[in-house]
1. Please count how many residues of the stretch 161-186 are more than 26 Å from Glu252 (Cα to Cα), at pLDDT below 95 and β-branched (Val, Ile, Thr).
2. In the stretch 125-175, which residues are hydrophobic (A, V, I, L, M, F, W, C), outside any strand (DSSP E or B) and out of contact with any Leu (no Cβ under 8 Å at 6 or more places or on another chain)?
3. Can you find a residue that is in a strand (DSSP E or B), modelled with pLDDT under 95, among the basic types (Lys, Arg) and farther than 30 Å from Asp356 by Cβ anywhere in the stretch 306-316?
4. Please count how many residues of the stretch 89-103 are touching a residue at least 40 places away in the same chain (Cβ under 8 Å) and either over 57 Å from the mean Cα position of the chain (by Cα) or closer than 22 Å to Thr50 by Cβ (or both).
5. Check the stretch 407-417 and report whether any residue there is among the hydrophobic types (A, V, I, L, M, F, W, C) and crowded, with 19+ Cβ neighbours inside 10 Å.
6. Only one of Gly377, Gly391, Gly443 is free of Cβ contacts under 8 Å to residues at least 12 places away in the same chain and of a type outside the set (Lys, Arg); which?
7. Tally time: how many residues in the stretch 231-253 are surrounded by fewer than 18 Cβ atoms within 10 Å (Cβ to Cβ) and touching a residue at least 24 places away in the same chain (Cβ under 8 Å)?
8. Being modelled with pLDDT of 90 or more and β-branched (Val, Ile, Thr) narrows it down to one residue among Thr370, Thr400; which is it?
Amino acid sequence: MKRLYWLATLCFLWMANAARAQHIGADTSSAEVLIEWSDELSYEKTGEDTLVILTGNVVLRHDSTRMFCDSAVLRNSTDLTAWGNVMIEHGDSLVIFADSLRYSGIERKGSLYGDVILERGPQRMFTARLDYDFEKNLAYYFTGALLTNDTTHLRSQRGYYYVDENAIYFKDSVVVVDTHFVLRADTLKFLTESRRVEFLGPTLIHLDTLALYCEGGWFDIPAREGAFTRNPQFIRGRQEGLADSIFYRPREGVISLEGNARIREGKRAVRADRITYEEKTDRSHLVGKVRIVEPERTIRSDTVWYYGRTATYATRGPTVIWDEGRILQALQIDYDDSTGLGIARGAVVWRDTARDWTIRCAEARYHQKTGYLKAYGGAMGRPLFLTEWDGDTLYLAADTLMSWQPDDSTAADSSRYVAAWYDVRVYKSDLQALCDSLAYFSGDSLFRFFGQPVVWADTSQLSADTIWMQMAEEAVDWMLLRPDALILNSEDEVYFNQVRGRQIKAYFRESELYRMHVAGNAEAVYYLLDEDRAYIGVNKTTCGEMWVDFGDNEVEGIHFLGAPVMEVLPMKQADHESLKLKGFRWLYPARPRSVEDLFKPEKPVR
């Protein structure tokens, strides 16, 4: 029996030495681990198991995988335990170092322990334990690991490395540190060749001065650009933003928020379909349903460009700005926030809600802080001012309109000035006017007409070098005409009642002339009527001053003061043409009869 035992042992040792002396090709269909070399080899039989004990420069092979170590025990040619300077070479580029290894040739799986290092190309993975499925080319760990790839370091508690796909899934307490960013996540995917990070769960990334949160998306490390989806949000200084998707290119300094984009900075809130910000130029581009809310104003538009360095913005498309009791509409607005100056163009509508004033024009220059507005052009060639008075609308058109607040106005004071010049035309159902220029102050409700103005009230025409018109309770209270004041009144435009003087003050009641005071070289020509309202004569009077009373647009009585001289003539004896007073001009054809008359290209003759 002894002789048989020793013979078997010698045969086994001879076979082992022959195996280590030659290269044995891989048999992919076999679970057997082949021994390529060992300084020492011994054989041991334990029950039904056969053990081969290898010591010194051990080299083993299974399929395309080679394993190196200081010592090893091979059980039944399929199960391997190795320790001491363990190294595994798998495929063309994968190398794993460890302190010890347990490997199953049947399952083609291995577990490595100690200071484990996996190397493949430029990346290295460090862990205390690594499991590797050589059939699927899958490495995974559950006790924490660190991956280094160029300037990128990734750490997590668990991970799965699909070698053939060049993809690693990091899970649980994921931390990524790179030269340009720091990332913390629950789960992410890392593509080792392209160095692209894909976010698969809640992720927080710090990029330069930007902190980003998302639950999906990706970041390309070499290109330094990324897309952040599924509840993405960011914080940058005092600025907070969110959208359906956020795209960031830190190399170019561009961040884009797309879909329900919102940014808040202090008391300033911005919303749009898309917001793009360029850090290098400090420019923001907002597109689609733009809404900007600030303490002093609210802006709505289709498109807005905002330049932070110069504090200027430009809107394109229908735009509305609400600004401390004022509303401005236009097709485009360019505004300088540092100076408060802006230009609005295209279908401009400006409204003072406190005074219920509206200006419509083609172009306007305005100052946000002072409320100054200067208007040019319009849909019909001229800017138009309109306001509601006593259930009626007053329209005013001119070549140029201007409105502003007094320098000493306060927030509680809504007083404003309105100025208009060159070819000024006014229309109200019971009042019309023409002049070269006009000024109005809401603080005292006083109109001032300049440049040979003409005012029509019912059947009366009033003219002078200057006319002041006082409004009270949204109706005409009085008018002051001076100098060379002249009032004409006629029912048939054949015979004219006339009053002239250096100064005339006319008083109105319910927008009808009821009394008049003429001072200085007063003259009057009025026609006498019988009970059937037929003309019976004409009265011409001169005096120092006079009072004239009206009723139903007729002269009811005249009081002459200061050496009156009166002459009454029958109708047939009177030279009606010579009775016309100095400066007589019946301008009824020039009288605006409708809003459209305010825009006729021909200038009314006055």
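The values are calculated or read from the model by the stated rules, or taken from the named source; none is laboratory data. This one's a predicted model, so the numbers in the text were calculated from it and none came from an experiment. Every residue, glycine as well, gets a Cβ built from its backbone with ideal geometry; the counts of neighbours run over all protein chains shown.
1. The qualifying residues number 1.
2. Scanning the stretch 125-175 gives Phe134, Phe142.
3. no
4. 1
5. Of the stretch 407-417, the ones among the hydrophobic types (A, V, I, L, M, F, W, C) are 411-412.
Subsequent filtering for residues that are crowded, with 19+ Cβ neighbours inside 10 Å retains none.
No, that holds for no residue.
6. Values: Gly377 fails: free of Cβ contacts under 8 Å to residues at least 12 places away in the same chain; Gly443 fails: free of Cβ contacts under 8 Å to residues at least 12 places away in the same chain.
Sole residue among the options that is free of Cβ contacts under 8 Å to residues at least 12 places away in the same chain and of a type outside the set (Lys, Arg): Gly391.
7. Residues in the stretch 231-253 being surrounded by fewer than 18 Cβ atoms within 10 Å (Cβ to Cβ) and touching a residue at least 24 places away in the same chain (Cβ under 8 Å): 9 in total.
8. Residue meeting the stated conditions: Thr400.
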